[in-house]
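To start, the structure under review is shown below, and the notes come after it.
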Amino acid sequence: MIPLVSRPSRASALAACALLAGCAQLSPDGGFGPLREIVAQRTGAAPAWHRTPEEAAGNQARVAQLLPAGGRLATADDAVQIALINNPDLQAAFAELGVAEADLVQAGRLPNPGFSFARTHSGGDVKVERSLTLGLMQLIAMPAASRIEARRFDQVRLQLATRVLATAAQTRQAYYRALASQQGLAYQEQVEQAAEAAHELAAKMAERGNFSRLDAAREQLFYAETQTRLRRARREAQQDKESLARLLGMAPAFTLPERLPELPAKIDDAADVERQAIAQRLDIQAARSELEGLRLSLGLTRATRLVNVLDLGALRTSESGKAPETGYQVDIEIPLFDWGQARVAKAEAIYMQGANRLAAVALDARAQARLAWRERQDAYELARRYRDDIVPLRHRMSEENLLRYNGMLISVFDLLADAREQAATVNAAIEAGRDFWIADAALQLALGGPAAAENRQGTQP
Amino acid sequence: MNPPSISRRAFLQGSALAVTASAASRAGAAGLPEAPLQQSPLTQPPLSPANGRPYQPVVTLNGWTLPWRMKNGVKEFHLVAEPVVREIAPGMKANLWGYNGQSPGPTIEVVEGDRVRIFVTNKLPEATSVHWHGQRLPNGMDGVAGLTQPGIPPGQTFVYEFTARRAGTFMYHPHADEMVQMAMGMMGFWVTHPRDPKFMRVDRDFVFLMNAYDIEPGAAVPKVNTMLDFNLWTWNSRAFPGIDPLVVRQNDRVRIRIGNLTMTNHPIHLHGHEFNVTGTDGGWVPPAARWPEVAADIAVGQMRAIEFDATEEGDWALHCHKAHHTMNAMGHGVPTMIGVDQSAVAGKIARLIPDYMAMGDKGGAMGDMEMPLPENTLPMMGGRGPYGAIEMGGMFSTVKVRRNLARDDYRDPGWYRAPAGSVAREWRGEAPAAHAAPGGHHEHP
């Protein structure tokens, strides 16, 4: 191989290499710092990436501090904090950041020069070739490749941040789900007690001849059904707690508060959820960054018309069942027949494709933000209706029923049936409260940042 | 008897001056007699006739008699049909329809042969009419809306005029939408006295109507569609302990006239005396045909006059003998708890229902329990006597016979003080040996 590069261009290439090599050092935190910043700003909880045994040990200490063994997981924020530093799936995902950074650094490194020595025989002739080779292609492509890798690194970081935010939202939702089903279980236990009391009383009455077998059997049936419902509620509570524990990356050896947090006194109006989503969502930032890359690539094409890196966008191959593969390919051609007009057209088309993709992502984001806001608004109204009207009315009915019992207007069985109904209403109210907090977390995710529930911190139990 | 409370127009007391200056200003222009109002739920003293033919007036239990004016030899009355608030007993008020401020309306008293003109003003939201139950009168005065007259539209005044031909005991009530209007309390008593005041003269002549309401505990308006399952059994729309006693001087000849406008019969039982049924809807019972009784069944739509000599001093119960009718609002679907030990379950229930208290396991007596009830609701049984709770409500009162009362003194003399040794008491001597029923005791081998 004989290098065919003129002296001045070699010099400039070497200079560029040196410059790039200088920029592209492996960072001490593997590029995690900006990711942590993004997440912390949006969730109030900072993720951690444990790359060494020391860091892992430090993490355990931090978890223990947030949640002493068997301790009380007091708030959803604590749960999110633990998940962000302890969820093993996230730790595995963080490793992608390392891979991307290594690629970036690799792209900016000068290829090592090499010697080649060839000795060939052709009949009686012996041919010896000695050459000094340098990865010229790589050298030429290096600036473009570095830019591309830098952008890819950015994108990996954004994708990871998105994933961390999703995990935070899932954790928050799992926390409320586990808490609500545990709270519901407590009421289901009350219902079971009421049914048990009615059953025992009915059995006694049947024994003494005050009740027919039919009436006694009715109470017995109700008791049996209540027991099955209780069992189901217990199973659901266990499942929900396990789901939360899995997200926290630990065994379910913790307790939860007895009650869901109070509803916020008010929630924001919807004035700018769409603007917030556009400004904050990481998928939009990723699409925007991709488009920016395409724009630069298009410029590159116009300048050189020889180096084709447009396949950055095009090279998004996906096979079913696998994650899409993105990358780039650099070709250098000898411009004998094709002077690149078609390539420019293609470049423009691909750029437009990217622009439209950004538009689609933004449209999706707006729709999700609107929907999530609407859903949270509805969930809030519903939960408030339960808290302010339905539960107090149910309570008043129970008080009135007790007065009627006092006046011998209704029987103790009516009273117990009423207690069961009251418990069912309270359960529905708990579910409404849970749905609000879940919708709140979903809105947070849809906005790519903190949702608007006011005094969130202040109202955590 | 409680002292009469001040009604809106004090002239009602004793005097028959029916028209006052203020009344004249309202009614005079229209040529109508005054329509006085009564708002006290208590028994008013008898209204002695100031003009017209003389008669011995009646006492309306927890009610009053409507004053009249004489105009050209005609007795003119003015009834106003209107919504009223009636205290069923202290602690409960019902929103009813009635006449002249009260349900039932005032008793109308006339004398056999009187020409009577009654103005009826309708202040109800629907048309009404007045049927003069039991009277002989021209067909067009019988008050059956649609049949003998058009209904009296809201806001309008109709006039009825006839001669009270037959002495006896009567009632008045609407015959227009009567199911609703009577369920709402539209009714009143009518007495036509004999032309000769000495005819079957008595010392005390009490009247009341029996009526029943279905008012949901905590509510105030009767359910007008109820047919049989009423929960308030009342005399003149009052339930015990809201029913005044019938105060009687010992050895007075006493007449009690009772009309039944409920939808079931009521066996009215008097303690301590036998009585004769001396009058029915159709008139006076000839002495030879009278039956001595201690309980007279008064069927739906009937009137009975019973008479007795109040020879026995004391506080004698007078009540309907249907046991549920001497109860106030109660739950008819409540299961019997007698004999069921609730102690084990009571704790469990109390954990769910903090103020719960087990009841009924030893029976139904609860007169001494004081537990909060729904508002505007009477306890199932209420009222206290000198020896404790009187476990009654509804159609229950007492005839209080006392030795030293003045002729027209109807004031409540308080509880009877029984002479020493004349009250049932605990036996402190040796218990008599228990005897087994014949054949009821077997030795086991």
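For the subset of the stretch B:314-338 comprising residues that are out of contact with any Leu (no Cβ under 9 Å at 6 or more places or on another chain) and outside any loop (DSSP other than H, G, I, E, B), which member is farthest from the other protein chains (Cβ to nearest Cβ)?
B:Gly314
Of B:Asn225, B:Asn211, which residue is of a type in the set (S, T, N, Q) and either farther than 22 Å from B:Ala299 by Cα or part of a loop (DSSP other than H, G, I, E, B) (or both)?
Testing whether each residue is of a type in the set (S, T, N, Q) and either farther than 22 Å from B:Ala299 by Cα or part of a loop (DSSP other than H, G, I, E, B) (or both) leaves just B:Asn225.
Return the residues of the stretch A:206-244 that are over 17 Å from A:Arg420 (Cβ atoms), hydrophobic (A, V, I, L, M, F, W, C) and modelled with pLDDT under 95; say none if nothing qualifies.
Within the stretch A:206-244, A:Ala206, A:Phe211, A:Leu214, A:Ala216, A:Ala217 meet the criteria.
Quick one: which strands (runs of 3 or more DSSP E) lie wholly within the stretch B:65-111 and hold at least 2 residues that are touching a strand residue (DSSP E or B) at 6+ places or on another chain (Cβ under 6 Å)?
The qualifying strands (runs of 3 or more DSSP E) are B:74-89, B:92-99, B:108-111.
Out of the residues in the stretch B:210-244 meeting the condition of being touching a Gly at 6+ places or on another chain (Cβ under 6 Å) and crowded, with 24+ Cβ neighbours inside 10 Å, tell me which one is farthest from B:Glu375 (Cα to Cα).
Result: B:Asn236.
Every residue in the stretch A:28-65 that is assigned to a helix (DSSP H, G or I) and more than 21 Å from the chain's Cα centre (by Cα), please.
Residues satisfying the conditions are A:Pro53, A:Glu54, A:Glu55, A:Ala56, A:Ala57, A:Gly58, A:Gln60, A:Ala61, A:Arg62, A:Ala64, A:Gln65.
Run down A:Glu290, A:Glu274, A:Glu262 and say which single residue is loosely packed, with under 14 Cβ neighbours inside 10 Å, more than 14 Å from every other protein chain (Cβ to nearest Cβ) and under 30 Å from A:Gly448 (Cβ atoms).
Just one listed residue meets the conditions, A:Glu262.
Condition first: surrounded by 17 or more Cβ atoms within 10 Å (Cβ to Cβ), at the interface with chain B (Cβ under 9 Å from one of its Cβ atoms) and either in contact with a Gly (Cβ under 8 Å, 6 or more places away or on another chain) or part of a helix (DSSP H, G or I) (or both). Can you find one or more residues in the stretch A:376-398 that meet it?
Taking every residue of the stretch A:376-398 in turn, at least one turns out to be surrounded by 17 or more Cβ atoms within 10 Å (Cβ to Cβ), at the interface with chain B (Cβ under 9 Å from one of its Cβ atoms) and either in contact with a Gly (Cβ under 8 Å, 6 or more places away or on another chain) or part of a helix (DSSP H, G or I) (or both).
When you check A:Leu409 against the structure, is it within 11 Å of chain B (Cβ to nearest Cβ), surrounded by 24 or more Cβ atoms within 10 Å (Cβ to Cβ) and over 20 Å from A:Leu263 (Cα atoms), yes or no? Show your work before the answer.
Details: within 11 Å of chain B (Cβ to nearest Cβ): yes; surrounded by 24 or more Cβ atoms within 10 Å (Cβ to Cβ): yes; over 20 Å from A:Leu263 (Cα atoms): yes.
So A:Leu409 passes the test.
If you take the residues of the stretch B:339-358 that are assigned to a loop (DSSP other than H, G, I, E, B), hydrophobic (A, V, I, L, M, F, W, C) and facing chain A (nearest Cβ under 7 Å), which of them is farthest from A:Ala197 (Cα to Cα)? Talk me through it step by step, then tell me what you get.
So the first thing to find is which residues in the stretch B:339-358 are assigned to a loop (DSSP other than H, G, I, E, B), and the list is B:339-342, B:353-358.
Cutting the leftovers down to hydrophobic (A, V, I, L, M, F, W, C) gives us B:340, B:353, B:357-358.
Okay, now just the ones that are also facing chain A (nearest Cβ under 7 Å), so B:340, B:353.
On the way: B:Val340: 13, B:Ile353: 12 Å.
Applying the filter and picking the extreme gives B:Val340.
Considering B:Ala296, B:Ala288, B:Ala305, which residue is hydrophobic (A, V, I, L, M, F, W, C), assigned to a strand (DSSP E or B) and without any contact (Cβ under 8 Å) to a residue 40 or more places away in the chain?
Details: B:Ala288 fails: assigned to a strand (DSSP E or B); B:Ala305 fails: without any contact (Cβ under 8 Å) to a residue 40 or more places away in the chain.
The match here is B:Ala296.
Among the listed residues B:Val247, B:Val202, B:Val254, B:Val207, which satisfies the condition of being surrounded by 24 or more Cβ atoms within 10 Å (Cβ to Cβ), at negative phi and touching a Lys or Arg at 6+ places or on another chain (Cβ under 6 Å)?
B:Val207
Does the stretch A:346-379 hold any residues that are more than 24 Å from A:Gly449 (Cα to Cα) and without any contact (Cβ under 8 Å) to a residue 40 or more places away in the chain, and which are they?
Matches in the stretch A:346-379: A:Lys346, A:Ala349, A:Met352, A:Asn356.
Return yes when A:Ala286 is in a helix (DSSP H, G or I) and of a type outside the set (Ser, Thr, Tyr) and no when it is not.
Yes.
Can you name the condition, by its number, that B:Val247 falls short on among (1) in contact with a Pro (Cβ under 7 Å, 6 or more places away or on another chain); (2) more than 25 Å from B:Arg403 (Cα to Cα); (3) in contact (Cβ under 8 Å) with a residue 60 or more places away in the chain?
Condition (2) is where B:Val247 drops out.
Give the residues of the stretch B:10-51 that are at pLDDT 90 or above and hydroxyl-bearing (Ser, Thr, Tyr), sorted by residue number.
Those that are at pLDDT 90 or above and hydroxyl-bearing (Ser, Thr, Tyr): B:Ser40, B:Thr43, B:Ser48.
The values are calculated or read from the model by the stated rules, or taken from the named source; none is laboratory data. None of these values were measured; they are calculated from a predicted model. Cβ sites come from the backbone with ideal geometry, for glycine too, and all protein chains shown count toward neighbours.
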